[in-house]
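So the structure is just underneath, and the comments pick up after that.
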Amino acid sequence: MPQTLLDASPLRESGAALALASDLGAKYISGIPDRHVAPSKDDLTALKAFDEPMPNSPQTVEGTLRKLDTFGSPATVASTGGRFFGLVVGGTLPATLGARVLTSTWDQIVFNDATSPVGVKLEAVASRWLLEILGLPRQSSVGFTTGATMANFTCLAGARHALLARQGWDISKRGLQGSPPLRIIASEQIHVTAIKALTLLGFGTEQIEYVPCDAQGRVIARTMPKLDSSCLVLLQAGNLNSGAFDPIGEIAANAAESGAWIHVDGAFGLWAAASDKTAGQLAAYDRADSWVVDGHKWLNTPYDCGIAITKSPEPVHMAMATQAPYLKVGGTVAPKDMVPEFSRSTRGVEVWAALRSLGKSGVAELIDRCCSHARLFAAGLEGIGFEILNDVVLNQVVASWPDNETLAPRIAKHVQDSGTAWFGPTTWQGRQAIRISVASWATTVRDVTETLSAVRRAVFELTEDL
């Protein structure tokens, strides 16, 4: 009977498993440029190999990992490569991949500095660097969550606590039932994850007062309702389709005397602050009260990594603390008391690895390069015959086929099926379109030109019989 993990000496097999996984992972990465971005039908069919009865006895570690690689690796979507342009998803930087492997071997619980001194220390350093590179107030709190949904939840929970406290209501003790009403003001283009966070916090969708947007998806500041101290205002830095920015600074300045809380969902767009070439689109965004950004989008850390930032740490701490709320001197506190999760991975270490390996100039160059690729896409699509529906101000391109917009989703599927690249359909300003999001450090000019060639072939094949 083969030796298994259960009868081996403690940790004896871990090194061998790590070495094998490293070899298999390196083989997977080296094959990315030559494989289809989306798995083939045969690859998907082969997943049936996992439909087996649970073994009665232990199985070898090597056999388990090899089965995972044999049938699992081909059935992945190659989002870690340079030709995945869907969902504003970045790849995985080399340093962050290495950090993920190393921190997995550490298996830290970033509960507090007693359970993981290194985890808490590197979160603190990464937090300081994030505030610096994003140009946000240095006293702000930074919490690492699973993604933008929970980052929005964290910031909005703090906002709810602060707004109700101003009206003499302690929600931590008295709950939401019977509390003074709050007004929710949101861009009509606000992302669904922000809406989800609101509903998790007890706000109904019918409570939301939506503010009209212009043709690029920006809130029209002059149409904002009169704000007061009961208002929670949700804005965007980086529209999911167009990449456009709400006039955050203007709205925040107008709201300064009202006591309203201004929250910014900047899951990918907030990274524009890291480059001089794009930062101007975020004029006075630091006047807001809270911000959300993802590491696993434009910073290219592994999934998952959301970041919740609040100008005043106290309300978030009051909303999230698992014991008597207490901020230490200097505003520091156990990570578990600033975000929803009690059990937390070392995702902050991966942010540290990304920022350290890139440096300020490297982050700026990454942002600029992706924006340049987006402009190249727009020009290429226009040359093929598409109509570009958005001003390409960032890394997003929305395009539709003139006179027959129903072709857009078919073109997207054709390119996906070809395996050359992956981007999806969207609906923008009532029109069916394709959306290309360039957020990966691995994307090259060649990836762009090969994708455009695939689009050209799709257009030819789908229109030749029209």
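Which order do the peptides 175-186, 396-407 take when ranked by the mean count of other beta-carbon atoms within 10 Å per residue, highest first?
396-407, 175-186
Stretched out fully, how many nm does the piece from Ser40 to Thr427 gain, at 0.36 nm a residue minus the Cα gap?
Gain on stretching Ser40 to Thr427: 136.7 nm.
Of Leu44, Leu227, how do they rank once you tally other Cβ atoms within 10 Å and put the fewest first?
Sorted ascending by nearby Cβ count, the order is Leu44, Leu227.
Take the alpha carbon atoms of segment 191-248, find their center, do the same for segment 81-134, and report the distance between the two centers in whole angstrom.
So the two Cα centres are separated by 29 Å.
Normalised by the residues of the chain, what does the relative contact order come to in percent, with Cα pairs under 8 Å and at least six apart?
Relative contact order, the chain: 21 percent.
By count of other Cβ within 10 Å, fewest leading, how are Arg12, Arg435 ordered?
Going from sparsest to densest Cβ surroundings: Arg12, Arg435.
So what is the 222 nm mean residue ellipticity for the chain from helices alone, if each DSSP H run of at least 4 adds -39500 (n - 2.57) and you divide by all residues, rounding to the nearest 500 deg cm²/dmol?
It comes out at -12000 deg cm²/dmol, rounded to the nearest 500.
How big is the gap, in Å, between the Cα center of segment 286-310 and the Cα center of segment 346-372?
Here the answer is 13 Å between Cα centres.
Whole-Hz ³J(HN,Hα) for each residue in segment 443-450, computed from phi via Karplus 6.51 cos²θ - 1.76 cosθ + 1.60 with θ = phi - 60°, x for glycine and proline: what do you get?
Calculated HN-Hα couplings, in order: 6, 10, 4, 4, 4, 5, 5, 5 Hz.
With each pseudo-label sitting 7 Å past Cα toward Cβ, what's the Trp169-Thr406 distance in nm, one decimal?
Result for the modelled spin labels: 5.0 nm.
Which FRET efficiency value, to the nearest 0.05, do you get for Ser372 and Lys27 by plugging their Cβ-Cβ distance into 1/(1 + (r/R0)^6) with R0 = 30 Å?
0.45
Can you work out the FRET efficiency for the pair Gln177 and Phe342, with r the C-beta to C-beta distance and R0 = 25 Å, to the nearest 0.05?
E(calc), rounded to 0.05, equals 0.50.
Between their Cα atoms, which of Lys48/Lys413; Lys67/Lys336; Lys27/Lys48; Lys27/Lys121; Lys41/Lys360; Lys121/Lys297 are more than 31 Å away from each other?
Lys67/Lys336; Lys27/Lys121; Lys41/Lys360
Quick check: net charge around Arg138, other residues with Cβ under 14 Å of its Cβ, Lys/Arg +1 and Asp/Glu -1?
Computed value for this residue: 0.
At 0.36 nm per residue, and after removing the present C-alpha to C-alpha distance, how many nm does the segment from Leu87 to Glu365 gain when stretched out fully?
So the chain would gain 97.9 nm between Leu87 and Glu365.
What is the fewest-to-most order of Tyr303, Tyr285 by other Cβ atoms lying within 10 Å of their Cβ?
So the ranking, lowest neighbour count to highest, is Tyr303, Tyr285.
Using a simple spin-label model with points 7 Å from Cα along the Cα→Cβ vector, what separation in nm is obtained for Asn112 and Thr449?
Each label point lies 7 Å from its Cα, and together they span 5.8 nm.
Any read-out appearing in this document is the output of simple, stated calculations on the displayed coordinates, not a laboratory observation. This structure is a prediction, so every number in the text was calculated from the model and none was measured. Positions of Cβ are generated from backbone atoms using ideal geometry, with glycine treated the same way; all protein chains shown enter the neighbour counts.
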